[in-house]
1. Scanning for something modelled with pLDDT of 95 or more, surrounded by fewer than 15 Cβ atoms within 10 Å (Cβ to Cβ), under 16 Å from the mean Cα position of the chain (by Cα) and outside any loop (DSSP other than H, G, I, E, B), does region 136-150 turn up at least one residue?
2. Looking at (1) of a type outside the set (D, E); (2) more than 30 Å from A73 (Cα to Cα); (3) buried (at least 24 other Cβ atoms within 10 Å of the Cβ), can you tell me which one K179 breaks?
3. For S61, only one of the following conditions fails: (1) closer than 24 Å to L229 by Cα; (2) free of Cβ contacts under 8 Å to residues at least 40 places away in the same chain; (3) among the polar types (S, T, N, Q). What is its number?
4. Looking only at region 237-276, filter to residues that are among the β-branched types (V, I, T) and part of a loop (DSSP other than H, G, I, E, B); which one of those is nearest to I140 (Cα to Cα)?
5. Scan region 113-128 for residues that are surrounded by fewer than 19 Cβ atoms within 10 Å (Cβ to Cβ) and not in a loop (DSSP other than H, G, I, E, B) and jot them down.
6. Among the residues of region 1-20, which ones are part of a strand (DSSP E or B) and not polar (S, T, N, Q)?
Amino acid sequence: MKTCVGIIGGSGLYDLKSLQNTKWIDVTTPWGDPSDQILAGKINNLQIYFLPRHGRGHYHSPSTVPYKQNIYALKKLGVTNILSVSACGSLREDLTPGDFVLVDQFIDRTYLREKSFFGKGCVAHVSLAHPTCNNFSKVIFEIGKKLEIKIQLGGTYMTMEGPQFSTFAESKLYKDNWKCDVIGMTNMPEAKLAKEAEICYTSLSMVTDFDCWHPDHDSVEVSDIIETLTNNSSKAQRIIETLPEFLKSNKDPCSLGCNNALDNAIITAPEKRDPKVLKTLDVLLQRLNK
């Protein structure tokens, strides 16, 4: 299998200037369209598909992003690795605006979103003990070190519903009691769906500001956040440009089991599985049906 990288870009990252021979393509899914067209291109010989999470022009809120369609579309294109890039707030004094965190754990407090491809007609329970691919995260970490970008390997991402930000009491709860590192609105159920799709998923979270727990929060200007976001996006572009140097052209089986997450996960008896549902999920079940 050829290594193929999907980039899901959030706030501040709506295009990839480093891609060559680019073309915006339409990809359909059983549930409708993804957030936007997908930009296909290459960096050296590495195939990359870029999907603007909120759509070009930022017209999807965190709650209305079509997460199922996004992950399914990337799987349909043959994506083996997803690098999710998103802005976040810091819940730690030592994680300052401009820093990057390679998240490896989540607390999911969202409640308005479809969180699984599976349900009535075909029930599956996929393990999420380790929701991101630590192998792929280590690759991004090594690239960050090479580029002298301040980047932390590992951290807990508190996913809130939005679109409003936290209250002060909530922010203190997530920081002091739950010991989260960063807070954002978009990485769940994205990571859950990527695991069900058997794709190696890594979250690169870009700190733009301190959440409202911080005493200096109210003095931060919107222009400061935008400047940080712009600088972070430039660093993320450099990380993506360097990917071909660190990834093999042929994708080896993931030693952490990302690419066989559905093994033993489907519990609906074969004779009870709805053929219509199975047809809808054919892109996800191709490996199991061989």
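The values are calculated or read from the model by the stated rules, or taken from the named source; none is laboratory data. No experiment lies behind these values; they were computed from the predicted model shown. Ideal geometry is used to build each Cβ from the backbone, glycine not excepted, and the neighbour counts take in all protein chains shown.
1. Yes, that holds for at least one residue.
2. K179 satisfies all of (1) of a type outside the set (D, E); (2) more than 30 Å from A73 (Cα to Cα); (3) buried (at least 24 other Cβ atoms within 10 Å of the Cβ) except (3).
3. Result: S61 passes all but (2).
4. Once the filter is applied, the top-ranked residue is I267.
5. G119
6. Taking region 1-20 and keeping what is part of a strand (DSSP E or B), we get 2, 4-9, 20.
If the condition is that a residue be part of a strand (DSSP E or B) and not polar (S, T, N, Q), then K2, C4, V5, G6, I7, I8, G9 are the ones that fit.
For (1) surrounded by fewer than 17 Cβ atoms within 10 Å (Cβ to Cβ); (2) farther than 18 Å from S90 by Cα; (3) in contact with a helix residue (DSSP H, G or I) (Cβ under 6 Å, 6 or more places away or on another chain); (4) modelled with pLDDT of 90 or more, each residue gets a yes or a no:
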| residue | (1), (2), (3), (4) |
| --- | --- |
| H217 | yes, no, no, no |
| S223 | yes, no, no, no |
| I226 | yes, no, no, no |
| N232 | no, no, no, no |
| L243 | no, yes, no, yes |
| S255 | yes, yes, no, yes |
| N259 | no, yes, no, yes |
| K272 | yes, yes, no, yes |
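Here is a yes/no grid of residues against (1) over 21 Å from V182 (Cα atoms); (2) among the aromatic types (F, W, Y); (3) without any contact (Cβ under 8 Å) to a residue 40 or more places away in the chain:
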| site | (1), (2), (3) |
| --- | --- |
| Q69 | yes, no, no |
| V85 | no, no, no |
| S90 | no, no, no |
| F106 | no, yes, no |
| K146 | yes, no, no |
| G154 | no, no, no |
